[in-house]
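Q: Here it is, the structure, as structure tokens.
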Amino acid sequence: MRQQDYAADLPAVSFRQRHAFQRRRFETLVQYVCWICEDPRALGLDRLNRILWYVDRISYLTRDRVATGASYVRNRTGPWARPLEAVLRDLERKGLIAQRARVGNREPDLLVSLAKPDLSGFDAEEISLVEAVTRAICFDTRSSITGREAHDSVLQAARLGETIPYFTVFAGRAGENQPGDVAWAIRESERRTHAASPPAAVVPTPRLQEVIEALVWHLLRDPSLGASLPAAGSTSWFVYRQLAAIAGVPDLAVVYRIDADELVLGGLRIGEDDEDAAGEELG
């Protein structure tokens with residue numbers, strides 16, 4: 001597979017929240033997780049937040065649509081759904097949920113669903129996902145969660161209190177730099193160090209734009225992800241490969257540097273590396 005190279009002056013990225021919050025679905029999902037966790041000691045607020053986080057992110061990654069559209073921030077204990085506390089109060093007032101606050105540092109918050117919710121707004125695949133994630137978080141730690149390490153990597157990169165955009169589902173998967181990537185990155189770093197102006201930018205598709213935004217978001221918060229290149233004069237450049245999160249989206253390789261704590265992109269390579277294309281620059 002041949003690569004496609006983008007200039008550093010890509011269309012401006014925007015880390016805004018792009019998905020409408022679907023309160024009814026969020027309420028149903030919260031109530032259902034509490035319902036299937038019959039022993040409230042197995043759940044608690046921290047685990048409930050983590051279940052919601054994984055379900056929304058996996059749904060967006062694998063189905064290109066969110067489960068609830070809730071906003072998630074990084075809390076000291078993990079991901080935190082912004083609307084959760086208000087929704088729990090409403091569900092409790094309606095007699096659908098009972099909750100007891102944490103006692104001390106060891107006892108979890110106790111959450112009990114008093115009635116099984118109406119799941120007609122969810123399809124079978126969504127319900128299966130909710131049940132699988134709940135099982136992995138609350139009952140069987142050996143069970144796998146799609147992309148769990150990548151989601152956790154993104155969470156750790158976020159700043160405390162920061163809202164984490166959904167497009168970051170494409171970040172968090174570091175790959176080994178291939179020889180062709182390194183050769184290309186060296187050429188790009190030398191050209192960008194000495195060139196008077198960059199080449200014309202290529203406009204990506206909407207989905208690819210999100211993959212690029214995820215890469216930039218991650219590098220902005222952790223520039224140390226990349227491997228250093230041989231110095232081009234007094235400028236230090238780095239190369240980093242982000243692996244594809246799912247079929248249909250490409251790997252990315254990027255060459256970048258840090259200037260006064262600002263991220264400066266030198267070039268972006270789209271696609272996998274192989275012997276035929278290694279070191280070959282396209283664009």
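Q: State yes or no: is GLU85 surrounded by 14 or more Cβ atoms within 10 Å (Cβ to Cβ), assigned to a helix (DSSP H, G or I), out of contact with any Gly (no Cβ under 7 Å at 6 or more places or on another chain) and charged (D, E, K, R)?
A: Answer is no for this residue.
Residue by residue, here is whether (1) among the polar types (S, T, N, Q); (2) modelled with pLDDT under 90; (3) at positive phi; (4) surrounded by fewer than 18 Cβ atoms within 10 Å (Cβ to Cβ) holds:
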site: LEU225; (1), (2), (3), (4): no, no, no, no
site: PRO230; (1), (2), (3), (4): no, yes, no, yes
site: SER234; (1), (2), (3), (4): yes, yes, no, yes
site: ALA244; (1), (2), (3), (4): no, no, no, yes
site: VAL255; (1), (2), (3), (4): no, no, no, no
site: ASP261; (1), (2), (3), (4): no, yes, yes, yes
site: ALA278; (1), (2), (3), (4): no, yes, no, yes
site: LEU282; (1), (2), (3), (4): no, yes, no, yes
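Q: Right, something else. Spot the failing condition for ARG135; the list is (1) touching a strand residue (DSSP E or B) at 6+ places or on another chain (Cβ under 8 Å); (2) within 30 Å of HIS218 (Cβ to Cβ); (3) in a helix (DSSP H, G or I); (4) free of Cβ contacts under 8 Å to residues at least 60 places away in the same chain, and only one is missed.
A: Exception for ARG135: condition (1).
Q: Before we move on, is PHE167 aromatic (Phe, Trp, Tyr), assigned to a loop (DSSP other than H, G, I, E, B) and within 28 Å of ARG25 (Cα to Cα)?
A: no
Q: Sticking with this structure for a sec: So for the stretch 200-207 (the condition being in a helix (DSSP H, G or I), under 23 Å from ALA150 (Cα atoms), at pLDDT below 90 and not basic (Lys, Arg)), does at least one residue qualify?
A: Yes, there is a match, as at least one residue in the stretch 200-207 is in a helix (DSSP H, G or I), under 23 Å from ALA150 (Cα atoms), at pLDDT below 90 and not basic (Lys, Arg).
Q: Still on this structure: If LEU110 passes every condition in (1) buried (at least 16 other Cβ atoms within 10 Å of the Cβ); (2) of a type in the set (A, V, I, L, M); (3) under 30 Å from SER224 (Cβ atoms) but one, which one does it miss?
A: It is condition (3) that LEU110 fails.
Q: Further question: Please pick out the residue among ARG63, ARG57 that is open to solvent by less than 20 Å² (accessible area, probe 1.4 Å) and of a type in the set (D, E, K, R). Give the derivation first.
A: Values: ARG63 fails: open to solvent by less than 20 Å² (accessible area, probe 1.4 Å).
From the options ARG63, ARG57, the qualifying one is ARG57.
The values are calculated or read from the model by the stated rules, or taken from the named source; none is laboratory data. Treat the numbers as computed from the prediction; the structure is a model and nothing was measured. Every residue, glycine as well, gets a Cβ built from its backbone with ideal geometry; the counts of neighbours run over all protein chains shown. Protein only, heavy atoms only, side chains kept; ligands, DNA and RNA dropped before computing areas. Shrake-Rupley method; radii C 1.70, N 1.55, O 1.52, S 1.80 Å.
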